[in-house]
Amino acid sequence: MIRIHNIILFAAIAASAAAATVDQVRIESGPLKGAIAGGVVAFKGVPYAASPTGQNRWRAPQPVAAWKGVRSAAAYASDCMQLPFPSDAAPLGTKPAEDCLYLNVWAPVQRASGKLPVMVWIYGGGFVNGGSSPAVYDGTHFAESGVVFVSFNYRVGRFGFFAHPALTKEDPNALLGNYCFLDQIAALQWVRKNIAKFGGDAGNVTLFGESAGGGSVLTMMTTPLARGLFHKAIVESGGGRTGIGPMRRVRESGPNLLSGEAVGIAFAEKAGIKGEDAAALAALRELPAERVCDRLNMASMGNPTYAGPMIDGKIVAETPEQAFLAGHAMKIPVIAGANSSDIGFSFAKSIDELLAPFGANKEKAQSLYDPEKSGEFRKVGMLVASDRMMVEPARFVVRTVAATGQRAYEYRFSYVAESLRKTWKGAPHATEIPFVFDTVAARYGKDLAPPDEATAKAALAYWVAFAKTGDPDGEGRPHWPQYSASVDQLMNFTNAGPVAERDAWQARLDLTEASAQNK
């Protein structure tokens, strides 16, 4: 009896010791102490690059200075500097600041002997908003499913995208303009170097993101600087073609598109800074962060003093569409899709102007987009714009990937939370996120219904299975077929559950594809 008691006591002490050490790791830059909740340990606010302030403003991410003592990693660090968007579906949980290059890791406390698959999340926000701290981006349920989950902050707005002749003169060989994408590459490099300390497999990394985050995944798939840093990709409403217009170049202006440097000069002059020398650059770097932000957010992102992502020749040498068509994209398994009422921007002023890009197929397009001949220009315009910006580009991505022999899977997220079905006819942009993360309780609170929870469990399971094996299928879930252009099947997350079906919008998207090819 005493012996049995001692064995039980020893086991309890051993378990306690394991729990006491699993929340502490030593990474390349120093020791960390995270926080355990249930069966998951989280490490938050971990620096992956030096503070991008002072002389580091508008520079590639610089190495983190090592620390000696144990650094607390129990709370999120600041999200990157921005003016938060009031109606954001993923409100920030921290106050934004320019010192923001931090990441977060969730891992299961109990780990089997092998290394665990890794998922790395890139948030959306139009490249002007967003952060890793929103409650709907919590990685707990991924970790509970046997994944090491990573999220990180990256510079947005003018901090993330800025060009100026003084920057070019400072170092003509530097990586210029797209600091946002350099941050993303630096975070992936951090994962490769350090994730094994958290039980993760640096050789099995799935990169996924939504909206601007999904577009970033496409950029990471097509920039030579990210080669080998991840092995599978998921693109949620990230486009795949040219979006709402062509990308500007850092130094060369086009007939109707100013260069990034010209936009940077306009911003500098607005801030009272003239010249293209070192003094002008010093003055730009000394501007308060609020002045650089200058009230830029998703409501004002068309501002003429903001450049956005640019063709720089090194980080971004071509658009993702050009890279995919030329065969320059990474050859890896991909999931891509969009929502049934996804976002799209149309600046057409009449039905004729809206349908003009369809050319000889104009009448056919009108019959498909407005079969009842309602003449509701705004409603038809939203459908056309959504197909052009999100839905058909997602199909383009999976078609192009499948044509290379890689596994590709398309989805359509049509599920609407039960409490919103009288208000929403389809699933708006970004509404799939809390289902993929199974954070629907944080999103819907007291309005959460059992069907919402069931859809979240299914979506999370598909995403996790893909991260583990490159195939989203699994026991107990409807089969998700690989994409084939000849069959054009996708997984539709409907209000009745996930259904694999031939795309009901195929005829519409074929016309959109034809217009994209003829532009």
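The values are calculated or read from the model by the stated rules, or taken from the named source; none is laboratory data. Being a predicted model, the structure only gives us computed values, none of them experimental. All Cβ positions, glycine included, derive from the backbone under ideal geometry; neighbour counts span all protein chains shown.
Identify all residues within the stretch 334-364 that are surrounded by 14 or more Cβ atoms within 10 Å (Cβ to Cβ), among the aliphatic types (A, V, I, L, M) and farther than 14 Å from SER386 by Cβ; write none if there are none.
As a first pass, look at the stretch 334-364 and keep what is surrounded by 14 or more Cβ atoms within 10 Å (Cβ to Cβ): 334-346, 348, 351, 354-355, 357-358, 361-362, 364.
Now drop any that are not among the aliphatic types (A, V, I, L, M), which leaves 334-336, 338, 343, 348, 351, 354-355.
Scanning the stretch 334-364 gives VAL334, ILE335, ALA336, ILE351, LEU355.
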Exercise. Kindly check whether there is at least one residue in the stretch 317-333 that is surrounded by fewer than 22 Cβ atoms within 10 Å (Cβ to Cβ) and closer than 22 Å to ASP171 by Cβ.
Key: yes
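Would you check if there is a residue in the stretch 384-405 being assigned to a loop (DSSP other than H, G, I, E, B) and either buried (at least 22 other Cβ atoms within 10 Å of the Cβ) or not charged (D, E, K, R) (or both)? Walk me through how you get there before you give the answer.
Taking the stretch 384-405 and keeping what is assigned to a loop (DSSP other than H, G, I, E, B), we get 404-405.
Filter once more, keeping what is either buried (at least 22 other Cβ atoms within 10 Å of the Cβ) or not charged (D, E, K, R) (or both): 404-405.
Yes, because at least one residue in the stretch 384-405 is assigned to a loop (DSSP other than H, G, I, E, B) and either buried (at least 22 other Cβ atoms within 10 Å of the Cβ) or not charged (D, E, K, R) (or both).
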Quiz item: Looking at THR219, is it hydroxyl-bearing (Ser, Thr, Tyr), more than 30 Å from ARG291 (Cβ to Cβ), out of contact with any strand residue (DSSP E or B) (no Cβ under 8 Å at 6 or more places or on another chain) and outside any strand (DSSP E or B)?
Solution: no
Quiz item: What pairs come up if the first residue lies in the stretch 175-203 and is in a helix (DSSP H, G or I) and of a type in the set (Lys, Arg), the second is modelled with pLDDT of 95 or more and surrounded by 24 or more Cβ atoms within 10 Å (Cβ to Cβ), and their beta carbons are under 8 Å apart, counting only those six or more places apart or on different chains?
Solution: ARG192/VAL205
Practice problem: From (1) under 29 Å from ALA430 (Cα atoms); (2) surrounded by fewer than 20 Cβ atoms within 10 Å (Cβ to Cβ); (3) of a type in the set (Gly, Ala, Ser); (4) in contact (Cβ under 8 Å) with a residue 12 or more places away in the chain, pick out the condition that doesn't hold for GLY243. | Solution: (2)
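Out of curiosity, is GLN110 surrounded by 24 or more Cβ atoms within 10 Å (Cβ to Cβ), assigned to a loop (DSSP other than H, G, I, E, B) and either over 19 Å from the mean Cα position of the chain (by Cα) or at pLDDT 95 or above (or both)? Working first, answer last.
Numbers: surrounded by 24 or more Cβ atoms within 10 Å (Cβ to Cβ): no; assigned to a loop (DSSP other than H, G, I, E, B): yes; either over 19 Å from the mean Cα position of the chain (by Cα) or at pLDDT 95 or above (or both): yes.
Criteria not met by GLN110.
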Self-check item: Subset of the stretch 471-519 (residues that are in a strand (DSSP E or B) and hydrophobic (A, V, I, L, M, F, W, C))
Solution: LEU490, MET491, PHE493, VAL499, ALA500
Quiz item: Can you pull out the residues in the stretch 341-386 that are in contact with a Gly (Cβ under 7 Å, 6 or more places away or on another chain) and closer than 19 Å to GLU321 by Cα?
Solution: ALA385, SER386
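Only residues that are basic (Lys, Arg) and either under 19 Å from ALA461 (Cβ atoms) or not in a loop (DSSP other than H, G, I, E, B) (or both): list them for the stretch 417-444, please.
At the first step, the residues of the stretch 417-444 found to be basic (Lys, Arg) are 421-422, 425, 443.
Within the stretch 417-444, ARG443 is the sole residue that qualifies.
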